[in-house]
1. Summing -39500 (n - 2.57) over the DSSP H runs of n ≥ 4 in the chain and dividing by its residue number, what mean residue ellipticity at 222 nm do you reach, to the nearest 500 deg cm²/dmol?
2. Would you mind putting 190-202, 132-144, 221-233 in packing order, based on average other-beta-carbon counts within 10 Å, highest first?
3. For region 560-647, just the Cα set please: Rg and Dmax, both in angstrom.
4. Nearest 5 percent is fine: what portion of the DSSP beta bridges confined to region 294-400 is antiparallel?
5. Rounded to a whole number of µm²/s, how large is the Stokes-Einstein D of region 65-197 at 20 °C and 1.002 mPa s, given Rh as the Kirkwood radius over C-alpha pairs?
6. Rg over Rh of region 320-363, using C-alpha atoms and the Kirkwood radius, what does it come to?
7. If you filter region 274-373 for GluC sites (Glu not before Pro), then keep DSSP loop positions with at most 14 other Cβ within 10 Å, what is left?
8. Of all the Cα-Cα pairs you can form in region 231-298, what percent are over 18 Å apart?
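No value in this document is a laboratory result; all are computed from the given coordinates. Source: prediction; values computed, not measured. Every residue, glycine as well, gets a Cβ built from its backbone with ideal geometry; the counts of neighbours run over all protein chains shown.
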Amino acid sequence: MKISISTCLILNFIFLLWFCVAPSTFGENLEEHRNHSVENLINVSWGDQIMIARGDAQLDTPDRVKRSVKSWLDNYDGKTVLWRMSAISMKRFFERRQSGDFTKTYLKKVEKVEKIFSPATVARKEARKNGQNFLLYMTIFDHGAPLTDLYGGNTPFPFQDRYVIEHPDIQAVDLEGNYHNGVLEMAHPEARKLMINRIVSFVEEFDSDGVYICSRTHSLPALHADQFGFGKPIVDEYQQRYGVNILQDSRFNYKSRDYRSNDPAVEKWRRLRGEYLVQFYRELREALPNKIIYTGIPRGRYLGPPYGNLYLDWETLVQESLVDGLVLGAYSGKQLHPPLYKPHNQIGYQSSEDDSLNIPSVEEAMEEVYGPLCQQYNVKLFYNSAAYGSLEKKRLKNLEALNGFMLVTPASVPGRGAITFDGPMLRKNREMTIEAFIYVNKMPDSHQGTPRILSKYSHYEGDLHRGWEWIVDADGRFRYRVNLANDQLGMQGDQVVKSQEPLQLRRWIHVATVFDMPQREIRLYLDGKLDQTQRIAACPIRVTAEQDLHLGRYGGSDSNQFDGMIDELRIVERALKFKRVPTRPYRGDEPGTVCLYHFDKIGPTFNVTNAADPQQFPIKVIGGGDSLLVDSVSGFGRAFDMGTEEK
């Protein structure tokens, strides 16, 4: 199956929409961990779900919507549903440009579903029945761009707000008169009024309990953190307050040799921009006095990339009760436009959630920075998390100010298996071999993401959890992805090796991947034969001690489900070479073996024991006991059916 470059870009765009701020790997039955004070937020980007997700998570029939909403409460503590309004906003307010067959299919499917029923209305009614809050998810800085702005560096921008096309002056502007396309400057009363009117009309139309305000965007990033912010209202107000014309004062011009990033006058300008953002929330609260208002913001003192050093006065939002909850960790994602990315400390940013620049850790945020004030004013605190696994439960237990997490739309059936790590799996991270027998029941649909066979990888919380994973690509080929321990690279530090041909369906295949730093290569073996090699830098694997290893799901959300089975999974802290397929099960005492799972029996506590060390790294199994075991390769007993959601 061949996929065009334009389709890949659109898939990337949809994928990033889907993981908008956020977002949830689950991997275990949560009932035994349930804390009734926990309130997780389920971030639902419906327009993306119908294309990317599988089974119930597609949300394309009333029954699927109802089952999913109930499942979010039962399985993920999802007491509040955030229903993203982008599909409806796009239809009503935006000029949409078709970019190939994928977009045409998407638009047709949206229209087809909406002719039959209103997904948002069904979700709201189901949430009310279950006692869940139903909030509308609205973005305020995501108004698209002209065709001359290339999304991802390659594709004409796929959408733009018609009002902004007609009134471009309400956008942020730089000293040369260039607009930050799609980014409203809240110093303009017209910009604030535009968004408040839309939000209020949607809240009334869909009878929601309130609104979640998202601070992310798909717009191209600023070239410098102090590039934008020179609109007429800001220029005039600054002149009136301080007697300085910021259009002429070279301290404010990042291109001038007289630019002064740390000058108090420049900082006053940044704070002035932040005042107008606070004013937006004041006017929103006045318009919705009896509704819930949550908002997502980055950690740090400034709104940060891709906007700039706009001062983020979250304290006033809390002290004046302008919001009922803060979701920390929101970010737009530096991977949206790779050709334009530069390390944020090199282009003037004072703080950056994307690059973990001058931001507190989750623990510091909850205990020292945000937590005390939010608790004093009874404002809830959430964290934008990729997962609801062991790390999240530990944080809920230890951090009093943390109310819950914002999670990306999960499958209605949780993942069937996960390994929890309390420390590093490997001692040196210079060599690693992973091997297993796998059985593929079904190849992925090209629109529905890339299934993960194994995933110890997540793209949230900076780059801290980027580890490694086994993937089946849309073309059916096997891909091994491993991230190097280089904080300057992030996602660009991923090293990849792919099989030459697609995996064969409905037959057992032995797969082995080898990370060999001494030889500066990664290797892929299929059925005992070397299939591919890839040269790598002399850098070890990133240590992801707190990232769980998930079976049959992406480590960063309960999504990208693998339809198939696995057996004889072994992880070795040596770089092995293979000449043949194993003919009998390993014992577990082979040199360097850290983990070994035979999958012949699921214990009474729903664990699969690690045969290499029964005291460490058991696989926690969800959804059943030995009924999840099936016949394996001849001579290897039973295998683990990782399942898929196909309701």
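1. Result for the chain, helices only: -7000 deg cm²/dmol.
2. 132-144, 221-233, 190-202
3. 13.7, 44
4. The antiparallel fraction comes to roughly 25 percent.
5. 125
6. Taking Rg over the Kirkwood Rh, I get 1.07.
7. In loop regions of region 274-373 (DSSP not H, G, I, E or B), the sparsely surrounded GluC sites (Glu not before Pro) are Glu320.
8. Of all Cα-Cα distances in region 231-298, 50 percent exceed 18 Å.
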